[in-house]
1. Report, in whole Å, the centroid distance computed from the Cα atoms of the stretch 286-302 and the stretch 119-179.
2. Calculate what fraction, in whole %, of the accessible area of the stretch 581-695 sits on carbon and sulfur atoms when a 1.4 Å probe is rolled over the protein chains.
3. Beyond a 24 Å Cα-Cα separation, which of these cross-linked pairs lie in this structure: LYS165/LYS314; LYS18/LYS153; LYS351/LYS407; LYS171/LYS316?
4. Mind jotting down a quarter of the surface of the convex hull over the alpha carbons of the stretch 339-543, in square nanometres, one decimal?
5. Full extension from ARG555 to THR12: what is 0.36 nm times the residue separation minus their Cα-Cα distance, to one decimal in nm?
6. Of the listed peptides 83-93, 182-192, 202-212, 7-17, what is their order by residue-averaged count of other C-beta atoms within 10 Å, with the highest listed first?
7. What figure, in Å² to the nearest 10, do you get for the accessible area of HIS657 with a 1.4 Å probe and non-protein molecules left out?
8. For the chain, what is the convex hull volume of the alpha-carbon atoms per residue, in Å³?
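The values are calculated or read from the model by the stated rules, or taken from the named source; none is laboratory data. Everything numeric in this text was worked out from a predicted model, so none of it was measured. Here the Cβ positions follow ideal geometry from the backbone for every residue, glycine too, while neighbour counts run over all protein chains shown. We work out accessible area using only protein heavy atoms, side chains counted, and drop any ligands, DNA or RNA first. Shrake-Rupley method; radii C 1.70, N 1.55, O 1.52, S 1.80 Å.
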Amino acid sequence: MINQKVQKLLSTMSLKDKIGQLVQFGKLEQREIELIKNGKVGSLLNVYGAERVNEIQKIAMESGASIPLLIGDDVIHGYKTIFPIPLGESCSWDLQLIEETSAIQAREASTEGINVIFAPMVDIARDPRWGRVAEGAGEDVYLGSKIAAARVKGIQRNDWSDRPKIVACPKHFIGYSAAEGGRDYNSVDISERSLRETYLPPFKAAIDAGAGTIMCAFNDLNGVPASANKFLLTTLLRDELKFEGVVISDWESIEELIYHGLAKNKRDAAIKAMNAGVDIDMNSSSYNDHLMELVQAGDFSVDLIDEVVTRILKLKIKLGLFDNAITDIKLCNEIIRCEEHVKKAREAARKSIVLLKNNNILPLNKNIKSIAVIGPLADDKSNPLGCWSFKGKPENVITVLRGISNKVSNITEIYHTRGSGILESEESEIQKAVEIARKSEVAIMVLGESSDMSGENHNRSSIGIPECQRKLIGEVLKTGTPMVLVLMNGRPITLVSENDTVTAILETWQLGDESGNAIADVLFGDYNPSGKLVMSFPRNVGQVPIYYNYKSTGRPNFKKYLDVDETPLYPFGYGLSYTNFSYKNMVLEKHKITQDESLRVTIEIENCGLVEGEEIVQLYIRDLVASITRPVKELKGFQKIFLKPGECRTIEFILKHEELGFYDENFNFIVETGEFEIWIGTSSVEGLKSGFEVVK
Ligand code: GLC
């Protein structure tokens with residue numbers, strides 16, 4: 001059926017029409033409109049508003065071969081209802097929630113004619129200096145792969161029939177997050193083993209979840225930029241992963257082959273990108289300017305063009321664009337920022353919060369007599385939106401000050417002042433902060449990064465709280481008023497001195513519209529924090545890269561640094577609760593399994609505290625001896641459970657044999673015999689340990 005439709009369309013298309021399908025522009029001005037009328041454009045991005053999109057779709061359908069447009073957009077953590085940045089939401093470890101928030105984002109975007117969402121960003125990140133860690137799911141392959149699949153399923157749920165569907169676009173293929181020095185766009189030099197074991201699995205998971213497009217990366221990978229890398233885009237993606245969807249370049253990444261020193265000019269860049277397997281040229285115009293003459297000169301066959309156009313037309317047919325590319329304007333009012341979406345945003349925000357420290361001060365009492373709310377981010381309405389939230393609106397943001405005001409009783413005296421800028425000190429403000437802290441029972445310090453201190457090409461060489469804010473902490477601490485540090489940031493940050501001095505620390509990332517309500521829910525105990533870190537927090541930036549699943553080395557017990565402990569300040573999987581969960585009676589069904597058997601493990605978890613709460617139970621393994629060195633620990637399972645006070649539950653894990661495998665020296669996936677350690681616990685460093693053996 002689809003093939004017949006494609007063949008029929010191809011038969012009506014001129015070579016110009018066909019090449020037009022490979023062209024995408026990132027703005028809609030007179031030039032692009034003329035090109036569309038001439039059938040020379042197949043997709044757009046950065047076109048906003050249902051009316052505008054409907055108008056340009058009608059022009060496309062009345063031009064050339066009457067082919068509707070793909071309309072792409074960066075919906076990374078919300079369209080108009082803004083959710084926590086992905087690095088934050090990933091700390092919920094709640095796959096159902098993540099799928100749901102992704103579905104909501106797509107639902108809203110589709111009402112304004114978007115049909116390609118340039119998400120999820122699935123780059124495994126281990127360098128917090130890199131600004132784009134904010135967009136991803138952290139350092140772990142297992143968790144990152146599960147989240148990648150959940151996001152694709154959510155984005156592509158397409159639970160509507162009255163408008164075109166939406167397709168996901170996992171990015172950036174591949175290795176982008178391994179940029180040297182955490183400098184965005186920088187060179188990447190990684191082994192095929194690292195590529196296959198660390199960076200590829202989330203893309204495979206996204207493809208297996210049905211992702212319809214993939215975006216190739218900017219970076220030079222081992223000497224060949226991803227946008228010209230045939231091994232990546234054809235051998236790996238097409239031949240090995242059997243990806244049949246559409247490959248879209250990153251923004252002008254084809255033209256950037258010139259600046260990489262790989263292409264002489266845009267004509268040469270177009271040749272290299274086409275040969276590698278890039279289907280759509282995002283905004284560089286290399287394909288628009290040169291493909292026609294290249295085909296006419298015999299450099300490319302019409303068959304190759306037809307092969308690419310076929311993939312693009314199939315996608316457009318599957319999205320329903322030929323049935324009806326127009327969206328009903330009324331839908332926007334019904335769907336965008338509806339009550340259900342805003343409620344889900346608050347739930348996602350609460351579950352993203354990680355309690356890092358609590359010396360018995362949290363949760364606060366709602367009848368507290370006086371509270372000082374201090375910091376440049378305490379009543380800030382734009383920075384909680386985080387990076388990539390261009391359609392979010394500051395007026396929709398509930399600030400921390402507002403959230404606290406909504407929460408406390410009418411006997412509570414709330415004092416507020418900024419105390420400092422985000423990057424500049426304000427002496428008078430510091431004095432005000434000291435005064436209000438002195439007369440309050442607790443000082444809530446809302447500090448951290450502005451939203452533009454992370455995100456694309458917003459990298460930092462030092463990753464602490466800005467100096468002026470640390471000075472403010474120091475001055476307020478002198479009052480002796482207990483301090484709760486509420487952090488807003490887009491990356492792991494270094495907190496060693498604060499960790500020693502403040503009474504409690506809440507990591508709240510950038511939580512989107514419902515920030516203040518969610519933070520107040522946690523501060524006052526209406527929600528018991530359950531988040532767990534998905535990226536290690538280093539003690540200082542000199543430890544970077546730092547992650548939990550490192551290799552042992554031949555000298556594991558040697559001191560790593562003269563001047564700092566080798567461990568992170570807060571490890572992967574770490575997060576506190578207002579209650580205590582005890583882990584007991586871990587039972588392995590067997591202590592010997594064959595290479596194709598699964599292992600059933602049970603464990604009892606009890607809520608020994610006085611409040612209900614959720615616990616993210618984590619299962620890790622270690623392959624003690626193998627033909628390729630294995631990490632000292634690998635996450636291979638997790639479950640999020642809710643327990644009432646005193647409730648005890650036995651939970652079961654089925655550890656599948658393929659979770660024990662790895663790529664041998666020839667990159668064949670194998671499960672070897674040998675001994676394994678297994679941990680089940682509340683973080684990557686705390687849990688019950690046992691062992692088993694894989695036998696022939
Ligand atoms: C940007 C980003 C990519 C984004 C694209 C379109 O430079 O690298 O993630 O989807 O351009 O905005």
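1. Taking the Cα centre of the stretch 119-179 as reference, the centre of the stretch 286-302 is 33 Å away.
2. Numbers: 2520 of 5230 Å².
Its accessible area is 48 percent carbon and sulfur atoms.
3. LYS18/LYS153
4. 11.1
5. 188.7 nm
6. 83-93, 202-212, 182-192, 7-17
7. Roll a 1.4 Å probe over it and HIS657 shows about 50 Å².
8. On the way: hull volume 114.1 nm³, N = 696.
Normalising the Cα hull of the chain by residue number yields 164 Å³.
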